[in-house]
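Trainee: Sharing a structure with you now.
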Protein chains: 6
Amino acid sequence: MFEVTVSDHMMVAHSLRGAVFGPARALHGATYVVEASFAREQLDADAIVLDIGAALAALRAVLADLTYRNLDEVESLAGLNTTTEVLCREIADRLAARVHDGSLGVGAGDLVRIRVTLRENPTAWASYERAP
Amino acid sequence: MFEVTVSDHMMVAHSLRGAVFGPARALHGATYVVEASFAREQLDADAIVLDIGAALAALRAVLADLTYRNLDEVESLAGLNTTTEVLCREIADRLAARVHDGSLGVGAGDLVRIRVTLRENPTAWASYERAP
Amino acid sequence: MFEVTVSDHMMVAHSLRGAVFGPARALHGATYVVEASFAREQLDADAIVLDIGAALAALRAVLADLTYRNLDEVESLAGLNTTTEVLCREIADRLAARVHDGSLGVGAGDLVRIRVTLRENPTAWASYERAP
Amino acid sequence: MFEVTVSDHMMVAHSLRGAVFGPARALHGATYVVEASFAREQLDADAIVLDIGAALAALRAVLADLTYRNLDEVESLAGLNTTTEVLCREIADRLAARVHDGSLGVGAGDLVRIRVTLRENPTAWASYERAP
Amino acid sequence: MFEVTVSDHMMVAHSLRGAVFGPARALHGATYVVEASFAREQLDADAIVLDIGAALAALRAVLADLTYRNLDEVESLAGLNTTTEVLCREIADRLAARVHDGSLGVGAGDLVRIRVTLRENPTAWASYERAP
Amino acid sequence: MFEVTVSDHMMVAHSLRGAVFGPARALHGATYVVEASFAREQLDADAIVLDIGAALAALRAVLADLTYRNLDEVESLAGLNTTTEVLCREIADRLAARVHDGSLGVGAGDLVRIRVTLRENPTAWASYERAP
C-alpha cells in the first residue's frame, strides 16, 4: 500500500466544554500542525497516489475556513466540542468531500484511507482515519 | 478510528547482552523520547479518546520509575535484555496496567490499541503495539 | 562562551492591533514553543551555566501565568500588542526578574545574555535577547 | 507487534513525466530523508526485531546506489517515473531483497511488514509498505 | 535585540566544481529548507520587527526563481559554484535588495542584520549573515 | 560571515557530581545530538567554509572516542564533571585540535569561531563557542 501525506498549519482560538478539560475550558488557542494522508493500493498512470500540489491546495482550502478564527464562533462547527480529535475528524470529512467532488483529482474509489493528524504542541497530538 | 499520542522522555544507562550488540554491550546510555498512543473507535461523551492530561501524567509516572537510572540495576527489569523493543513493550504494559486500574479515566474496553514508540537517536527508533 | 537553553510551550488566544496584521487582527490563537537561553563566560563550581532543573521550573512558572488564557484579558499584559516579538521580550524580562530575585540560583552578574525564542508555527519564529 | 525503524538520506536530481507534475517536469532535485521500518510479531532470542546496525548498513548500501546522482540516468531505474511513491517502493523492494539474501540477519519469514517512507520537504512525504 | 525568522524550501538540481566535492561533482539535487532572519534593535510602531506575511512573501518570491530548476542553468547564478554557502549569500543578497526596494515594508536603516540558513540534509546546514 | 554546521550523535552513560544535580548524580545516560559549527568571514577558493565531508568525518572521529561508553571511566575525561556544558567544550577543543593538525583541510587562521551544541533531550541543550 502507498500513502502520501501533506502538511500545513492553522492558528485558532477556542474553548472546550467539560470538567475533564480543566484550564482548557477557558478561551485559549493553538497552532495545529495538520497532516493529511491519502492511501491507495495501486498507483495511478502517473505513478502517484494523487497530485501532491492538489492535496496541498485542498488542505489549504479546508484550513482557510478555520485559521485566524475563534472556533467557538465558526458557524460550521456550531454545537461541536472542538477537541483535537473532533478537529481531526472535521478536517478529514471536509477533505473526503473534496475527494468526492473531484477537486483532488483522484476518485474516492481509488483511495482506501484518509487520515488526518493534528499536532497541538510538542507533547500531544491526535489523528483520525476513515474510509474515503 | 481515533488515536491520541502523548510524549515525554527518559535518560538512562544500560548495557545489552548478546554478540549482535557489538559496542552496545558496554555500559552506555540513551535519551529515549517516548510516545504513547491510545486508539479507540468512538469518542467518549466529552468528544475525546482520553484526557491528554491524564495520559501525560500516567506516562510521566511510568517513566519516573526508570529515568536517571542504570537499567541494569532496576529490579522490575531484572532478567530482561533492555533493548529498545523490550523497553517499548515494558512501558506499554505498564500503561495498560494503568488503563486497567482506572487511572487514565478510560475503560480498557473502550480502547482498541496501545502503542509505544521509543526514539533512541535521530536515526533509530522502535515501537510496540498491543491490545489494551 | 557557554549557553544553556531550556524549552517549554504555552497555548494562548489573542488578537493583534494594526492594519499590518490582516486576518490576525481577529481573535485567534497559537501554541508558542518557548526556548529560554542563558549565557555566561565561565562555568560555575559545578561546571554548569545554571541548574537546568531550576531554569525549566522558572520558565514553567513564567508560562503558567499566560498559558490557557486569552492574552487580550491578561492584566499584566494590558496595553501591549502581544506580537511574538513582544511576548519574547515579556518572557525574557520575567525570567530576568527571576534571575535577579535569586530563584534561578545564578547571579545576574554571572550571566552575559538572556535570549528567548518563540516558535509560533513551522514557518515563523522570533527571538529577543537582552542583558541579564 | 514490534517495529524497528532506521533512517538515512539521499540527495538526487531527477525529472518527472506527466502533465500533472507541472514545474517538477523540469530537471530539479531533492533531499529525501528515508525511513525504513521492519515489523515482526515476536522478538528474536536477542530480544530484537533485527540488528539496528545491520539495518542501517543495508539502508546505506541501498541508498549508495542512488545518492549524488541524476536518477534520470540511473540504469536500474530506467523506464520508471521516479515519483516519491515509486522511490519508496523501489527502496522497499531492494531492502526486501537484502532480507531474502540474509544480509540483514533476519529471516523473511520472521518479518510481517517492510515499510519505507521518503520525506521530500517539510510539507510532503510518502510511504510504501509490503510483505517481506 | 529582536529577530524574526521565516522559513520556506526549494528543490533544485545542481553540480559542484572542485575536487573537494567528490561525488557531489556529479549532477545531483537537494531540498533546501531556507530560513531568513531579520534583526533590529527596536520594534516599530506595530510592535514588530517586520510583517511576517511580507517576509514570507519575499522569501517565496526569491525562491520561486530557483526552485524546480537545475541551478547549473540558472542565468542569474552563472559563474557561481552553487555551494550551500554561496546559495545562502545569494538568497540573503536578494532579500536585502527587497528590503532596499521597500517590498518588505521595513527600512534597511531599521535592520541591523539579515541572516539566511539553508538546511540541506539532517546532518549539514550553512548560514550567511550580512548587514542589510 | 559564513557558518557551516554538521551533526552527529553519541550515546553515553555518566553520573554528575554536586548536590545541584539531584537525581542526575546517579549513573544514568543520554543520547547527545551534537552539532559542530565552523565560521569564517570569507569563503575559500572552492566557495566553501570547509569540506562538509571532512567536518563530518572529524566529528565522527571525536565522538567515536566517547560513544557507547560510561564517561565516568573514560581516561581522557578523568577529573571532569561531564555536564553538557563541559562535554560541549571538550568536543569543541578536540575539533579545534583537528583544525590545527590540518585534518579538516582548513587553516585555524581562516576560521573565526568554533561552536558545539549538545542536545540532551527535547527540552534542554547547551553550547560552547571558542576561537579556533
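The values are calculated or read from the model by the stated rules, or taken from the named source; none is laboratory data. What you see is a predicted model, and the numbers here were worked out from it, not measured in a lab. Don't worry about glycine lacking a Cβ; one is built from the backbone with ideal geometry, like all the others, and counts go over all protein chains shown. Areas reflect the complete protein model, heavy atoms only, side chains present, ligands, DNA and RNA absent. Shrake-Rupley method; radii C 1.70, N 1.55, O 1.52, S 1.80 Å.
Trainee: Select from the stretch A:72-125 the residues that are in contact (Cβ under 8 Å) with a residue 60 or more places away in the chain, surrounded by fewer than 18 Cβ atoms within 10 Å (Cβ to Cβ) and among the β-branched types (Val, Ile, Thr) and list them in ascending order.
Mentor: Within the stretch A:72-125, A:Val112 is the sole residue that qualifies.
Trainee: Then there's this: Which one of these does A:Leu87 not meet: (1) over 16 Å from A:Met11 (Cα atoms); (2) under 10 Å from the mean Cα position of the chain (by Cα)?
Mentor: (1)
Trainee: Here is a list of conditions, (1) away from chain A (no Cβ under 14 Å); (2) within 16 Å of the chain's Cα centre (by Cα), and C:Met1 meets all of them except one; can you say which number that is?
Mentor: The number of the failed condition is (2).
Trainee: Hey, among F:Gly107, F:Gly29, F:Gly53, which residue is out of contact with any Pro (no Cβ under 6 Å at 6 or more places or on another chain) and at pLDDT below 95?
Mentor: Numbers: F:Gly29 fails: at pLDDT below 95; F:Gly53 fails: at pLDDT below 95.
Matching residue, one of F:Gly107, F:Gly29, F:Gly53: F:Gly107.
Trainee: What are the residues in the stretch F:9-23 that are open to solvent by 10 Å² or more (accessible area, probe 1.4 Å) and within 9 Å of chain B (Cβ to nearest Cβ), if any? Write out each step before concluding.
Mentor: Applying the first criterion (open to solvent by 10 Å² or more (accessible area, probe 1.4 Å)) to the stretch F:9-23 yields F:9, F:15-23.
Of everything in the stretch F:9-23, those that are open to solvent by 10 Å² or more (accessible area, probe 1.4 Å) and within 9 Å of chain B (Cβ to nearest Cβ) turn out to be F:His9, F:Ser15, F:Gly22, F:Pro23.
Trainee: Can you name the residue in the stretch E:30-59 that is among the small types (Gly, Ala, Ser) and in contact with a helix residue (DSSP H, G or I) (Cβ under 9 Å, 6 or more places away or on another chain) and is also farthest from E:Pro122 (Cα to Cα) among such residues? I'd like the intermediate steps shown before the answer.
Mentor: Taking the stretch E:30-59 as the starting set, the residues that turn out to be among the small types (Gly, Ala, Ser) are E:30, E:36-37, E:39, E:45, E:47, E:53-55, E:57-58.
Retained after the next criterion (residues that are in contact with a helix residue (DSSP H, G or I) (Cβ under 9 Å, 6 or more places away or on another chain)): E:30, E:36, E:47, E:53-55, E:58.
On the way: E:Ala30: 12, E:Ala36: 18, E:Ala47: 34, E:Gly53: 27, E:Ala54: 28, E:Ala55: 25, E:Ala58: 25 Å.
Result: E:Ala47.
Trainee: Among the residues of the stretch B:88-99, are any closer than 30 Å to D:Ala45 by Cβ and at the interface with another protein chain (Cβ under 9 Å from one of its Cβ atoms)?
Mentor: Yes: one or more hits.
Trainee: Would you call D:Arg98 more than 19 Å from D:His9 (Cα to Cα) and at pLDDT 95 or above?
Mentor: Numbers: more than 19 Å from D:His9 (Cα to Cα): no; at pLDDT 95 or above: yes.
For D:Arg98, the condition - more than 19 Å from D:His9 (Cα to Cα) and at pLDDT 95 or above - is not met.
Trainee: Among the residues of the stretch B:49-59, which ones are open to solvent by 10 Å² or more (accessible area, probe 1.4 Å) and within 18 Å of A:Arg119 (Cα to Cα)? Write out each step before concluding.
Mentor: Going residue by residue through the stretch B:49-59, those that are open to solvent by 10 Å² or more (accessible area, probe 1.4 Å) are B:51-54, B:56-57.
Hits for the stretch B:49-59 are B:Asp51, B:Ile52, B:Gly53, B:Ala54, B:Leu56.
Trainee: From B:Glu85, B:Glu73, which residue is over 23 Å from F:Asp72 (Cα atoms) and out of contact with any Gly (no Cβ under 6 Å at 6 or more places or on another chain)?
Mentor: Matching residue, one of B:Glu85, B:Glu73: B:Glu85.
Trainee: Say we look at the stretch F:27-49 and pick out the residues that are among the acidic types (Asp, Glu) and more than 7 Å from every other protein chain (Cβ to nearest Cβ); which of these is farthest from the chain's Cα centre (by Cα)? Walk me through it before giving the result.
Mentor: Initial filter on the stretch F:27-49 (among the acidic types (Asp, Glu)): F:35, F:41, F:44, F:46.
Next cut, more than 7 Å from every other protein chain (Cβ to nearest Cβ) only: F:35, F:41, F:44.
Values: F:Glu35: 7, F:Glu41: 22, F:Asp44: 24 Å.
Looking at residues that are among the acidic types (Asp, Glu) and more than 7 Å from every other protein chain (Cβ to nearest Cβ), I get F:Asp44.
Trainee: Suppose the filter is within 14 Å of chain B (Cβ to nearest Cβ), in contact (Cβ under 8 Å) with a residue 60 or more places away in the chain and surrounded by 19 or more Cβ atoms within 10 Å (Cβ to Cβ); does F:Arg69 pass it? Break it down into steps so the answer makes sense when it comes.
Mentor: Values: within 14 Å of chain B (Cβ to nearest Cβ): yes; in contact (Cβ under 8 Å) with a residue 60 or more places away in the chain: no; surrounded by 19 or more Cβ atoms within 10 Å (Cβ to Cβ): yes.
So F:Arg69 fails the test.
Trainee: For the stretch E:47-56, what are the residues that are aliphatic (A, V, I, L, M) and in contact (Cβ under 8 Å) with a residue 12 or more places away in the chain?
Mentor: Of the stretch E:47-56, the ones aliphatic (A, V, I, L, M) are E:47-50, E:52, E:54-56.
E:Ile48, E:Val49, E:Leu50, E:Ile52, E:Ala54, E:Ala55, E:Leu56 - these are the residues of the stretch E:47-56 that are aliphatic (A, V, I, L, M) and in contact (Cβ under 8 Å) with a residue 12 or more places away in the chain.
Trainee: Something else now. Being buried (at least 19 other Cβ atoms within 10 Å of the Cβ), in contact with a helix residue (DSSP H, G or I) (Cβ under 6 Å, 6 or more places away or on another chain) and within 13 Å of chain B (Cβ to nearest Cβ): is that true of F:Val62 here? Even if it seems obvious, please write down each step before you answer.
Mentor: Details: buried (at least 19 other Cβ atoms within 10 Å of the Cβ): yes; in contact with a helix residue (DSSP H, G or I) (Cβ under 6 Å, 6 or more places away or on another chain): yes; within 13 Å of chain B (Cβ to nearest Cβ): no.
Spelling it out, it is not the case that F:Val62 is buried (at least 19 other Cβ atoms within 10 Å of the Cβ), in contact with a helix residue (DSSP H, G or I) (Cβ under 6 Å, 6 or more places away or on another chain) and within 13 Å of chain B (Cβ to nearest Cβ).
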